[in-house]
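All of the numbers you see were taken from the coordinates with simple rules; none came from a lab. Computed from a predicted model, the values in this text were never measured in an experiment. Here the Cβ positions follow ideal geometry from the backbone for every residue, glycine too, while neighbour counts run over all protein chains shown.
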Amino acid sequence: MNNSKRKTVIAGNWKMNMTPNEGVAFVNELKSLVKDKNNCEIVICVPDVDIPTVSEALKGSNIKLGAQNAHWELKGAFTGETSVNMLKEYNVGYVIIGHSERRQFFGEINNSVNMRLKTIIESGLKAIVCVGELITERELGITTEIVSLQTKVALHDITAEQMKNVIIAYEPVWAIGTGKTATADEADRVNGIIRNVISDLYGENTAESTTIQYGGSMNAANAVELLSKVNVDGGLIGGASLKALDFTAIVDAAQ
Ligand code: PEP
């Protein structure tokens, strides 16, 4: 990470785990564990139904609240979806979009990621945009092409000014929830490729100030090495974000 140029962001993704009450109990533990850790932004992205109780529990803490998706329209006939205005009423500050599980199970495509991103940014929220290759794509040697394409389409029509509210998370799909982590050098290399794409689109300054996280089985044991890399500006963490001590150890690794 390069703290002089960009913010380090450690974000937990609870996925479909924790009921509203479990979420509050977890947050009450986490709040005291991380209360003095101010060298990185700490975010937890929770299921929509947990947002009201967790939002209340986070008041006055240094942990920011995130959601795991948001629709591109502000309201209307979109059964099962959540709008940015609904999220904003509960002090949600971040929204994950384009997660590989959304792409794999819920038909998310690069164009819909871009539509969501525009609405999220226009509403004043920050977005964590996930990109990453499948194992078959890695084996075909097309990781660069895949992450470049995903990044370019996601950022279509987003301005350099709006990039201040965009975080990219490089998440190789084969590393998510599998216990297999990209080596620190490989995470650094691919994050560097994404930074080059941003540089081509917006110039060097924007590229150097954009936070690019790594995600994929990041844990207390490998976080120090991953986060020591110049292009790895934080982590998007699934499994290890469900254990307060493990998540705190990753926050410590970013200090
Ligand atoms: C994720 O869900 O974004 C993720 C990286 O999960 P895990 O840390 O469990 O691999």
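For the range 31-88, the relative contact order comes to 32 percent (Cα pairs under 8 Å, sequence separation of at least 6). Qualifying chymotrypsin sites (Phe, Trp or Tyr not before Pro) in the range 9-83, where qualification requires a DSSP coil assignment and no more than 14 other C-beta atoms within 10 Å, comprise Phe78. Measuring between alpha carbons in the structure, the pairs from Lys37/Lys88; Lys7/Lys64; Lys5/Lys164; Lys7/Lys126; Lys5/Lys64; Lys35/Lys243 lying more than 19 angstrom apart are Lys37/Lys88; Lys5/Lys64. Take every pair of alpha-carbon atoms less than 8 Å apart whose residues are at least six positions apart; their mean separation over the length of the chain yields a relative contact order of 23 percent. Ranked for footprinting exposure by Cβ neighbours inside 10 Å, fewest first, Leu117, Leu58 give Leu58, Leu117.
Within the P(r) computed for the chain, what percentage of the Cα pairs occupies the region above 31 Å? So the portion of pairs separated by more than 31 Å is 17 percent. Working from Cα pairs under 8 Å separated by at least six residues, relative contact order for the range 1-126 is 22 percent. Residues His99, His71 in ascending order of nearby Cβ atoms (within 10 Å, fewest first): His71, His99. Full extension of the segment from Thr159 to Asn196, taken as 0.36 nm per residue of separation minus the current Cα-Cα distance, would add 11.7 nm.
Stretching the chain fully between Ala220 and Asn2 yields a gain of 76.5 nm (0.36 nm per residue, less the alpha carbon separation).
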